[in-house]
Structures are given as C-alpha cells and as structure tokens.
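Some notes on the structure that comes next.
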Amino acid sequence: MMAGVMIGICSLTILDSVGENTKRETMKRFKNMIGTFDTVIIRPGAGKTRGMVSLTNVPPTLKFEDAAAIAAAIPEVKQVALLQNAFDIDVKYKDKNVSPAIFGVSANWLYLRGDELAQGNFISEEDMQSLARVAILGSDVLPVLFPEGDAIGKTIRIGDVPFQVKGLLAARGAGPGGGSLDNLILIPVTTAAKRLFNRDFLTMLIAQVREPEKSDAAVAKITALLRQRHHIAASALDDFTLTSPQAVMAQVTQMGSTLSTILKGIATIAMFIGGAVIMSLMLISVSERRKEIGLRRSVGASRQDILLQFILEAALISSFGGLVGIALGLGGTNLVARIQHLPPIFALQALEWTAGLSVGLGLVFGIYPAWRATQVDPVKALRS
C-alpha cells in the first residue's frame, strides 16, 4: 500500500522539477537570443525570411534612414539598435583562421541585448561616427584565434580588412535551437556598411519601447511609419515583419506551462493508481480482519470507532509512503538535474501540495473500506 503512494509521490516530485527546469532553461535561452522583452524586432521581408537574418537572405528594404525616423517620430520608442550581419566570412590572426558570424551593430546593442563584456570596452558613438575598425570577440572565437587569451589591442583581419580587438564578450551559451550564441564578432554597423560589406540596408532593427504594456501602440505606429516611408499601397502587404518578444515569450511560457501540466498529470494518474491500490488492499484487509472487528464491537467499540480506525490507518500508511516518496523524489531530482547539467529546482509550494495530496489520498481512498468495516456484523464475525 505504501509502495503505491511512494511511487506516485516520487514521480510527481521528479516530473514537477523536470518540467520547471525545462521551462526556465527554455526562457533563459530565448532571452539569450532576443535580449530584453521590452523591444520590437523589425526585419525586412513580409514574413518570408526564415532562420537567422543576414545580408544574403533579406531584401534591401530596411534602411538606416528608417531607423532614424522611428527613433525621432515615434514617442513610444526609447531607442533603436541597428544590425547588419553576414556569415561565413574568413577572420584571420597570423596562422589562425575562423569563420564566425560578423555583426555590424550600433553602440546601444549591448544594452538592448542584455549581453555583458568579459574584458575591454564596447563599441562607442565615436567609433560609429569615425567608422572605426574595432572588433568585439565572442567567447567561441577567442580561444581559436588567441589560445593564450591575450587579444585586447591585437589586430585581426576580417575579410582582409584589419580590425583592432577592443573587447571580449562574456559567454551566453546556446540558443533555443541549441546552437552557440558566442561564435560571432561585433563591429560598428557604420564600419560594416561602408568598409566591409558595402551595403546600405539593414538586416534588423530593435526598437525599445518606453512602456512595455503599450507595445501594441508602438507596433501600430512603427507599421504605419514604415508603410508610409516605403510607399506601400493600402491594399499591398508590408515589406517588413514586426515581432514583439513579449508575445513570443508568452507563447514560450504557455508551452512550458503545458509541458509542466502534462508531466504533473502523468504523475497524478500514477498517484491515483496508488490510491486505488490502497482501497483494494484495505478492502481485502477488512475481509481478513473480520474477527478483530467483531471483537472490538463486542467489547463496546461503536461503528464510528471502527470507521475512524480504518481511516486513520489509511491516512498514516499513505502519509508515510508520501514522506518516503518525497525523499526519493528529491534524490531523483538531484540525479536528473546532474544528467541534464542543470541546477535542481525544489518548489516549496509543490512539495507542500504533494505532502497534502499523499494524506488526502489515504483519507479519500480509505473512506469506502472503512465504511465497509463498520457494516461487519460482530456476531457473524466472531463465529466465522
């Protein structure tokens, strides 16, 4: 009887932790990819662009002037970050060679993305205005080009154009798809446009809104402004795509909550199976203990005394099984967390709910067997 409850409680504890861990890790990776959640992402193309944007897969419709117009004309927008990026560009230092993503970014990119510098300085407004050839290395690029770790001040060549290393980015890990977010080099977007890529269009804009709860109004105004600037007819489709990270984050959170609910549902079914085991075995116990029940009744025990006895027995058995199940569940949670290389999560509220559920199982599934025990005829029980 205790084993049935123990297995259910143990599985509920482990699966609850796995579901919560999965949800948090997904949210962490998603935030690593998009940065802060108070932004609107603007990409060229009417929803046809798939995967990571680059100069090779977006139409040349989003201009530097569009970014300036959004920042100046829409009061709901606090600031705008610019991006112009490409892939598979050779980067060299002496005899070392690597082909990371090259991101031409504005000076406020670091702030809007929520990234951190591990060493050195980031791109400044002066770098933007002077078309400075400076570079910020991602943590995956550093050990390839500079195994000794000393990169600040050194000159690398990006597509045969010399750039001086100005800073190093802190590691961000993997994105939602599992790919590394650290295999990149950041350079000033103005330098990228005029000295490296020779392109006058952008691959992405990130507009930070002043009040996240009013992001819908900002999206509507940005849409109207870009349609006007791009001379799009009223019946024509947009030549750009707007994405609110808050909306996407809500979907991610909902998916995580759905997964957690499914896992809890599976564990709860296991618990109710354990409760059914309690009821079945207690019904057998009532049949086998008819003489004991008859003897108690003959010396003065009332039906209420018999009812209370069997209910308490069921509650104590399920409670002890629940405590053992929680202990095993906590151990199993630590083991699963190590396998997943994630920190174990123990939700106190979930543990309290689990402990209460184990007691409730004994009470609920013990009522019917206890009632059956009160219906035993003491005379027939003693004669049997």
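Using the alpha-carbon centroid of each, what span in Å lies between the range 108-170 and the range 181-207? Each part's Cα centre sits 13 Å from the other's. Charge tally for residue 202 (other residues, Cβ to Cβ under 12 Å; Lys, Arg +1; Asp, Glu -1): 0. Rg and Dmax over the alpha-carbon atoms of the range 46-238 stand at 17.5, 59 Å. For residue 100, neighbours were defined as the other residues whose beta-carbon sits under 11 Å from its Cβ, and their charges (Lys and Arg +1, Asp and Glu -1) total -4.
Label positions at residue 367 and residue 150, each projected 7 Å from the Cα along the C-beta direction, are separated by 7.8 nm.
One chain, two ends: residue 64 and residue 170. Fully extended at 0.36 nm per residue, the span grows by 35.3 nm beyond their Cα-Cα distance. For the range 139-148, backbone phi angles converted through the Karplus equation (6.51, -1.76, 1.60; θ = phi - 60°) give residue-by-residue couplings of 5, 7, 7, 3, x, 6, 7, 10, x, 7 Hz, Gly and Pro being listed as x. Of 154/194; 63/94; 194/214, which pairs sit farther than 31 Å apart, going by alpha carbon to alpha carbon? Flagged as over cut-off: 63/94; 194/214.
If you take all other residues with their beta carbon under 14 Å from the beta carbon of residue 304, and give Lys and Arg +1 and Asp and Glu -1, the sum is +2. Counting only aspartates and glutamates at least 8 places from residue 78 when in the same chain, those with an alpha carbon closer than 18 Å to its own are 38, 65, 66, 125, 211, 213, 216. For residue 78, nonlocal amide neighbours, meaning residues 5 or more places apart or on other chains whose placed amide H falls under 5 Å from its own, are 208, 209, 210.
With both labels modelled 7 Å from their Cα along Cα-to-Cβ, the residue 303 to residue 320 distance reads 3.0 nm. Mean separation of Cα pairs under 8 Å and 6 or more residues apart, divided by the residue count, gives the range 46-238 a relative contact order of 30 percent.
Computed from the coordinates by the stated procedures, all read-outs in this text should not be read as laboratory data. This one's a predicted model, so the numbers in the text were calculated from it and none came from an experiment. Methodologically, a virtual Cβ is constructed for each residue, glycine included, from the backbone with ideal geometry; neighbour enumeration extends over all protein chains shown.
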